[in-house]
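For reference, the structure discussed in these notes is given below.
The values are calculated or read from the model by the stated rules, or taken from the named source; none is laboratory data. Everything numeric here is computed off the predicted structure, so don't read it as measured data. Reconstructed Cβ throughout: ideal geometry from the backbone, glycine too, with neighbour counts over all protein chains shown. Protein only, heavy atoms only, side chains kept; ligands, DNA and RNA dropped before computing areas. Shrake-Rupley method; radii C 1.70, N 1.55, O 1.52, S 1.80 Å.
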Amino acid sequence: MVATLDDTKRSAIAIKLAELKALQQLIIENEEQLIKQVSDQEIADRLRNFLEDDRKNLGVLETVIGQYGIQAEPEKTITEMIKKVRELQQGSKLSLYDKVFQHELLKHQQVMTGLTVHKAAQKVGADVMLAIGPLNTINFENRAHQEQLKGVLEILGVRELTGQDADQGIWARVQDAMAAVSGVFGSAVTQTTDKKDMNIQDVIRLDHGKVNTLFTELLASNDPQKIQEFFGQIYKDLSAHAEAEEQVVYPRVRPFYGQNDTQELYDEQAEMKKMLEQIKGLNPSNMEQFKGKIKQLMDAVGDHIRQEESSMFAAIRNNLSSEQSEQLATEFKAAKTEIQKKSGVVGAK
């Protein structure tokens, strides 16, 4: 059994990522419910914008978890909390103000958890930082949502207490604060608001970037244990990536990419798998031999990456619509998630 980087710290981060996903799903449910209950058209429109962002960001979170490579379950305390909040939000005990207030707290929890995961990743490894990088987009968008929700709360609260409308100058203050947050941090991952998810090129490119980082970390290390761990993560990531591509991507591109070119991709990955198995049997203490084989693997993977990112990506752009390439990304991520689950899911506590 090949060693991996699934140590305690990495498993703890995986659990937090699972909690972020569960909370994101709850946030989406809340917004769907709140939109139905709000009579103010401007507030309803803002909630619809949140909902569009949050549905998109759920896809980004799923991408991050797939990139991270460890499937986990939220802690039991979080699942119990989500159940209670769901019951309150869907029930009639809370006023509209109270429901929006609870929603703003959830947004705050998402922001703080996301920022904490980002800071923790800095202490674990460069490959982890690369994998969770897209999380920053979600953090910043949730922060912008928070600023708008504060304005919504003031308006709803004044109406609930006095029956009169609040000073609409509140919106100007909120807009300024939101612009300050969102203007500083770009959204390179989620891109435009009409983009529901990353496309297949985005997702495959993230996988390529992560494995290249792992190769760099391995070759820079002189600790046999760390070298073995880095190889374990390379083995795991490349295996899942290859299997998902062979299940979902290659059959889809074959009609327009061509039989010969597509078969070449299959053959390259078959050779890569052989090399992975050969290296798995080597002792990393024999560093010269081990790193020599890693460099051969890195060269083979590099050639494969160049073919995919040049000619295959061009074929996808020329033959699939944006919606089709995003759907292919969704299917690829789902396949990779199932493959990763076979390697073991970190359980709830």
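Brief remarks follow.
- Failed criterion for residue 57 (all others in (1) under 23 Å from the mean Cα position of the chain (by Cα); (2) modelled with pLDDT under 90; (3) in a helix (DSSP H, G or I) hold): (2)
- Residue list for segment 36-47, filter: loosely packed, with under 14 Cβ neighbours inside 10 Å and in a helix (DSSP H, G or I): 36, 37, 41, 42, 45
- Residues in segment 56-96 that are open to solvent by 70 Å² or more (accessible area, probe 1.4 Å) and either touching a His at 6+ places or on another chain (Cβ under 8 Å) or not aliphatic (A, V, I, L, M) (or both): 73, 76, 77, 80, 83, 84, 86, 87, 90, 92, 93.
- Whichever residue in segment 269-285 is open to solvent by 40 Å² or more (accessible area, probe 1.4 Å) and touching a residue at least 60 places away in the same chain (Cβ under 8 Å) and, among such residues, is nearest to residue 237 (Cα to Cα): 280
Table: residues versus (1) out of contact with any Lys or Arg (no Cβ under 8 Å at 6 or more places or on another chain); (2) without any contact (Cβ under 8 Å) to a residue 24 or more places away in the chain.
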| site | (1), (2) |
| --- | --- |
| 11 | yes, no |
| 20 | yes, no |
| 29 | no, no |
| 35 | no, yes |
| 44 | yes, yes |
| 52 | yes, no |
| 60 | yes, no |
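- Only helices (runs of 4 or more DSSP H) whose full extent lies in segment 163-254 are considered here, and the ones with at least 2 residues that are modelled with pLDDT of 60 or more and within 18 Å of residue 300 (Cα to Cα) are 200-220, 224-244.
- Residues located in segment 109-135, provided they are touching a residue at least 40 places away in the same chain (Cβ under 8 Å), part of a helix (DSSP H, G or I), β-branched (Val, Ile, Thr) and open to solvent by less than 60 Å² (accessible area, probe 1.4 Å): 113, 117, 128, 132
- Those residues of segment 209-240 which are closer than 28 Å to residue 54 by Cβ and open to solvent by less than 20 Å² (accessible area, probe 1.4 Å), in sequence order: 210, 240
- Boolean, residue 288 is closer than 23 Å to residue 213 by Cβ, open to solvent by 10 Å² or more (accessible area, probe 1.4 Å) and either at pLDDT 95 or above or in contact with a helix residue (DSSP H, G or I) (Cβ under 7 Å, 6 or more places away or on another chain) (or both): no
- For segment 334-349, a residue qualifies if it is modelled with pLDDT of 90 or more and over 8 Å from residue 244 (Cβ atoms), and the qualifying residues are 334, 337, 338.
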